[in-house]
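Beneath this line is the structure, given in structure tokens, with notes to follow.
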Amino acid sequence: MLLAFFKTTLLALAFSIPAKAAGSAYFDAHLHYNAEQTEYVKPQDVIKKLKQHNISYAAVTSRPPSLVSRLHQLAPDTIVPVLGIYQTHKDKINWPHDATLIQRLETALKQKIWRGIGELHITAKDRHSPVFHRIIKLASQHRLPLILHADPAVIDTVYQLVAEQPVIWAHAGTFPYPDLIADYLSRYPQLHVDLSVRDHRIAPNGVINDSWYDLFNQFPDRFMTGVDTYSVNRWQNLGAVTASMRHWFEQLPADVAQNIQYKNAKRIYKP
Ligand SMILES: [Zn+2]
């Protein structure tokens, strides 16, 4: 009798809770908030959107960097400020040759809010830039992860200089092939991989691909992801993009999914 009651109660509970709790903790590890977006997405809108989509933490970088400190003031428990190195759009191309940016970075780093440096866009041909090497040293001194949108050779250069530097390899690198990524993760224990904007490769038509599934299970502590709001449109679609990522997380073992959607980013960014 008691057992029957217990079973009925359990059954009722099972039907009242969705298969995956909608509010399970989520860390968006790759967001941008740039000057040209502020007219359309106000700082208050950013905070509202994050809340609306159950994003507990958001690693945000901005151009110029002052924009993200403003967001951080509005929601210090949610915004994880990442120090961008660009003042204007054209810095994205020119920065490896701009020696003045080191002084600017050193000044910005006096403000103790930063949890990472990036995103730096860099191709193999610029990997020996003295400016880049100085940034790697600064990141290492301040114990901050570096977020790199980079060719594989750039990753090798970082680890030739500082073996223990945490790196987040944006968009799973320039050549996002699971075998190549597995090779890099095996060689460099401090390398982590951000999967943003790679959803169509990871889960074509919404179904997770076998090679990626195996890769995540082989290295459950090394992946994270985010919406990568490089445009106003991406901010407007934050909910839809987050939902499509959550759809493939649900196809992974629960502990692996938890790592990718929350725990790995929390461990690396240390909010
Ligand atoms: Zn980005």
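Worth pointing out:
- Positions within region 249-271 being out of contact with any Lys or Arg (no Cβ under 7 Å at 6 or more places or on another chain) and not in a helix (DSSP H, G or I), in sequence order: Gln251, Leu252, Pro253
- Of all residue pairs spaced 6 or more apart or on separate chains, those with beta-carbon atoms under 7 Å, a first member in region 164-185 that is in contact (Cβ under 8 Å) with a residue 60 or more places away in the chain and a second member that is acidic (Asp, Glu) are Ile168/Asp194; Ala170/Glu119; Ala170/Asp194.
- Residues being more than 20 Å from Leu144 (Cα to Cα) and either among the hydrophobic types (A, V, I, L, M, F, W, C) or open to solvent by less than 40 Å² (accessible area, probe 1.4 Å) (or both) - total across region 56-110: 6
- Among residues of region 220-238 that are closer than 10 Å to Gln37 by Cα, none has a Cβ under 8 angstrom from a residue that is in a helix (DSSP H, G or I) and of a type in the set (Gly, Ala, Ser) at a sequence gap of 6+ or on a separate chain.
- Taking the criterion of being free of Cβ contacts under 8 Å to residues at least 12 places away in the same chain and assigned to a loop (DSSP other than H, G, I, E, B), the only residue of region 138-160 that qualifies is Arg143.
- Some residue of region 84-92 being more than 24 Å from Lys270 (Cα to Cα), at pLDDT below 95 and of a type in the set (Val, Ile, Thr): yes
- Residue count for region 21-40, restricted to those that are more than 16 Å from the ligand (Cβ to nearest atom) and not hydroxyl-bearing (Ser, Thr, Tyr): 5.
- Matching residues in region 98-121 - criterion: being aliphatic (A, V, I, L, M) and touching a residue at least 40 places away in the same chain (Cβ under 8 Å): Ala108, Ile113
- Residue in region 122-132 that is under 28 Å from Met245 (Cα atoms) and either more than 16 Å from the ligand (Cβ to nearest atom) or touching a residue at least 12 places away in the same chain (Cβ under 8 Å) (or both) present: yes
- With respect to the conditions (1) more than 15 Å from the ligand (Cβ to nearest atom); (2) buried (at least 19 other Cβ atoms within 10 Å of the Cβ); (3) assigned to a loop (DSSP other than H, G, I, E, B), Ile135 falls short on a single one, namely (3).
- Odd one out for Thr61, checked against (1) within 15 Å of the ligand (Cβ to nearest atom); (2) part of a helix (DSSP H, G or I): (2)
- For region 143-156, a residue qualifies if it is under 19 Å from the mean Cα position of the chain (by Cα) and open to solvent by 20 Å² or more (accessible area, probe 1.4 Å), and the qualifying residues are Arg143, His149, Asp151.
- Filtered residue count, region 198-215, keeping only those that are closer than 27 Å to Val162 by Cβ and among the hydrophobic types (A, V, I, L, M, F, W, C): 1
- Filtering region 157-167 to residues that are within 20 Å of Ile268 (Cα to Cα) and open to solvent by less than 30 Å² (accessible area, probe 1.4 Å) leaves Val158, Tyr159, Val162, Gln165, Val167.
- A single entry from Arg222, Arg187, Arg234, Arg198 fulfils the requirement of being within 14 Å of the ligand (Cβ to nearest atom) and either open to solvent by 50 Å² or more (accessible area, probe 1.4 Å) or farther than 16 Å from Lys49 by Cβ (or both): Arg198.
The values are calculated or read from the model by the stated rules, or taken from the named source; none is laboratory data. These figures come from a predicted structure and were not determined experimentally. Because the Cβ atoms are built from the backbone with ideal geometry, glycine has one as well, and the counts that use them run over all protein chains shown. Please note that ligands, DNA and RNA were not included when accessible areas were found on the heavy atoms of the full protein model with its side chains. Shrake-Rupley method; radii C 1.70, N 1.55, O 1.52, S 1.80 Å.
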